[in-house]
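The values are calculated or read from the model by the stated rules, or taken from the named source; none is laboratory data. Values in this document were obtained by computation on a predicted structure and should not be read as measured data. Positions of Cβ are backbone-derived with ideal geometry, glycine not excepted, and every protein chain shown enters the neighbour counts. Ligands, DNA and RNA are stripped out before the accessible areas are found, and what is left, the full protein with its side chains, is counted by its heavy atoms. Shrake-Rupley method; radii C 1.70, N 1.55, O 1.52, S 1.80 Å.
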Amino acid sequence: MALSYLRSSSSRSANFLKPLSSAASLRRPISTDTTPITVETSVPFTSHQCEAPSRSVETNPSELLTFFRDMALMRRMEIAADSLYKAKLIRGFCHLYDGQEAVAVGMEAAITKKDCIITAYRDHCIFIGRGGTLLEVFAELMGRQAGCSKGKGGSMHFYKKDSNFYGGHGIVGAQVPLGCGLAFAQKYSKDETVTFALYGDGAANQGQLFEALNISALWDLPAILVCENNHYGMGTAEWRAAKSPAYYKRGDYVPGLKVDGMDALAVKQACKFAKEHALKNGPIILEMDTYRYHGHSMSDPGSTYRTRDEISGVRQERDPIERVRKLILSHDLATEKELKDIEKEVRKEVDDAIAQAKESPMPEPSELFSNVYAKSLGVESFGADRKEVRATLA
Amino acid sequence: MATSFHGVGAAVAALSSSPSNSFDSKKLLCSPRRSFPVRKGASFVVARSDGSVNFDLNPKARRAQQLIVNAVATKSDSSPASSSSKPGHELLLFEALREGLEEEMDRDPRVCVMGEDVGHYGGSYKVTRGLAEKFGDLRVLDTPIAENSFTGMGIGAAMTGLRPVVEGMNMGFLLLAFNQISNNCGMLHYTSGGQFTIPIVIRGPGGVGRQLGAEHSQRLESYFQSIPGIQMVACSTPYNAKGLMKAAIRSENPVILFEHVLLYNLKERIPDEDYICNLEEAEMVRPGEHVTILTYSRMRYHVMQAAKTLVNKGYDPEVIDIRSLKPFDLHTIGNSVKKTHRVLIVEECMRTGGIGASLTAAVTENFHDYLDAPIMCLSSQDVPTPYAGTLEEWTVVQPAQIVTAVEQLCK
């Protein structure tokens, strides 16, 4: 799975076996166990213009533990980013994804790295899901050289070309036409891959989305539009922004599926279904019913437009990590302590990455002028004092 | 600057008598060769980018001080001196664009064309005629009228390595795609730390046409010029149209190619062999000693028309078609300024915030010590382009105004 290389050098099963009592040596190596388990999703899928996939999802212990670990890592990363922001090490905009982790991990479980993902500015966890490292995340957030965009992009501009993660976009909705363009390129090159273009309930009201959807449906593009509906477009609740908040139906002639976005297995099932559909029949819309615990961004407390009871209610009843934890425990795939150990491990990883990122230097001044163009044009750029900063734009 | 042509404008209006004022824009599309009535005994300038220039010094031209309403079109038998030693073949500017596009599509299977009516219709200005039949619907794509999204899709496709050529039916329509062009096209290479290149070409006709109305007569080069990360070029002859089109497609950077509605029917003899024009280079149209006139696109022809008059009056203007609007070719421009010490900029953008304004600043900053007089910049009026023919003529710079400006500059 995506985060496998983030493990410490000792194998995962060894971690479980090491600190435990003798009972542990009798335990089967759960981390590599692929015996299929069938789990029912929390709620059935609701569909529009298509047949909903089955509620029963096939998974296995290895996958469930990966889900747990990956989501715990994402959760810890976002909370750490919160602290870093308050410590003024991260500046500008910082949009946190905690609460929505199931969408990222469920999607990755259903697709390959050859499929493309493009999203908006709440992109930290998707980047991790695509194979990005914690160091790249924290370094980019702090504007350091080791960042995935060399410190020049920031929170809203994470990209990973080699695993087909196309960002990371600040303008609401603008990534959807880009995503349909990716799907077009996939069709043009006959890749048999699909593109997932993620957007929020706020962006769902953008005209360019419907324009792009129309073109995708006309040209039969393998585009999957995923609405991460966390019910608030910054401070505006969905019912105040959309006459029809049934986002999965808004495609009209394009089929849609409504999914419980807090259930990683439901997300995985839906994405698998969507991929098959898109390769045969063109675009499809997935609406992930999810929730963000933080406000829209770090400058938004998140409590002026919704009650604290609502937030804690969702946290108690629908939290994605808790759901997977309960699944693992009920199927006896790991003990409470083992799961807690994973969380501790993950916390340490995050802390280590932050420490390493803090040591990465700020970009060189010459980086101001690099990567403006794809190759040097000999174009000169000047600072305020023409004699002082003089560079050739590359 | 502005005052100089208020006075001239009135004088010019009095002289205006050409019947071709009532030119119908529809004719532009349907009957290419008939579009530009040629006056008897008129002489034309055929300028080549290799620097050789041919023009007829016709004393009768002094008489014809009238308003030049047409862009100058070269007839096939215009001047015997117009053929260079290369055989080549003759074609119109829109055919040159098509030839360039077709050659690049043959050469690289990743090149595709997207735009409104580019496919089955053949292109609203016939630039893409025949390409859909040859390359199929997946490479020449008819889009719905949705500039924002299909420009975005072109950029998304370019991120993966495809090389789309996005056509705006009229440059003005690309205002709807401004966000995509500015944020995604221009900036993605930078914000991704160099991971993605966007080898897209965005092209289309712009400029003041023949009574097309305010919304269809826009000069978008002034709006796009600040976007970091893009290149902008403007073509003006069939030779450089084909060359710039090919260079733009081959470039790894996003390039915006500005064509002009009134120049599509210019005819010229171009070489048979493969050639491209340097995207960042300016073209020396007419070398001279007294004053440097910087211009581009349609205004080049107004300038050359004025140049004939100026030569008769004893001036020796150096005319440079800057071609590269972003970045400016300060090397060629600088050498010229160092020689002549006087600069006149003639552009079609509006006075406020146009290419001329930026060029004035760039030349002043870089070559101030070489200037004997302040830079003069003749631009279009800061008004929406009116529909009425006479008013429309006064919106753009006319050759008589250019002549007056040079005389003032060289006093």
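Structural remarks
- A simple spin-label model places pseudo-atoms 7 Å from Cα toward Cβ; at B:Asp106 and A:Asp162 they are separated by 3.9 nm.
- A probe of 1.4 angstrom, applied to the heavy atoms of all protein chains, finds B:His260 with accessible area near 10 square angstrom.
- Residue-averaged beta-carbon neighbours from other chains (10 angstrom radius) around A:203-211: 4
- Chain A: relative contact order as a whole-number percent, Cα under 8 Å and 6+ apart: 19
- Surface accessible to a 1.4 Å probe, A:Glu345 within the full protein complex, Å²: 50
- B:His120 sits among other residues whose Cβ lies under 11 Å from its own Cβ, and their net charge, with Lys and Arg +1 and Asp and Glu -1, is -3.
- Contact order normalised by residue count of the range B:85-160, Cα under 8 Å, 6+ apart, percent: 26
- Computed over protein heavy atoms with a 1.4 angstrom probe, the accessible surface ordering of B:Trp394, A:Trp239, A:Trp219, largest first, is A:Trp239, B:Trp394, A:Trp219.
- A probe of 1.4 angstrom, applied to the heavy atoms of all protein chains, finds A:Thr112 with accessible area near 70 square angstrom.
- Largest first, the residues A:Cys50, B:Cys185 sort by 1.4 Å accessible area into A:Cys50, B:Cys185.
- Per residue of peptide B:360-373, the mean number of Cβ atoms on other chains within 10 Å of the residue Cβ is 0.
- In terms of its C-alpha gyration tensor, chain A has an oblate overall shape, because the principal axis ratio a/c (a ≥ b ≥ c, square roots of the eigenvalues) is not below 1.5 and a/b does not outweigh b/c.
- Direction-averaged projected area, Cα convex hull, the range B:303-411: 7.1 nm², rounded to one decimal.
- The simple spin-label model puts a point 7 Å past each Cα toward its Cβ; for B:His120 and A:Met234 those points are separated by 4.3 nm.
- Fully extended contour minus Cα-Cα distance, from A:Arg306 to A:Lys326, at 0.36 nm per residue: 4.4 nm
- Of the beta bridges in chain A, as assigned by DSSP with both residues counted there, near 40 percent are antiparallel.
- Taking every alpha-carbon pair under 8 Å whose residues sit at least 6 apart, the range A:182-324 reaches a relative contact order of 26 percent.
- Taking all protein chains together, A:His124, A:His294 sort by accessible area into A:His294, A:His124, largest first [probe 1.4 Å].
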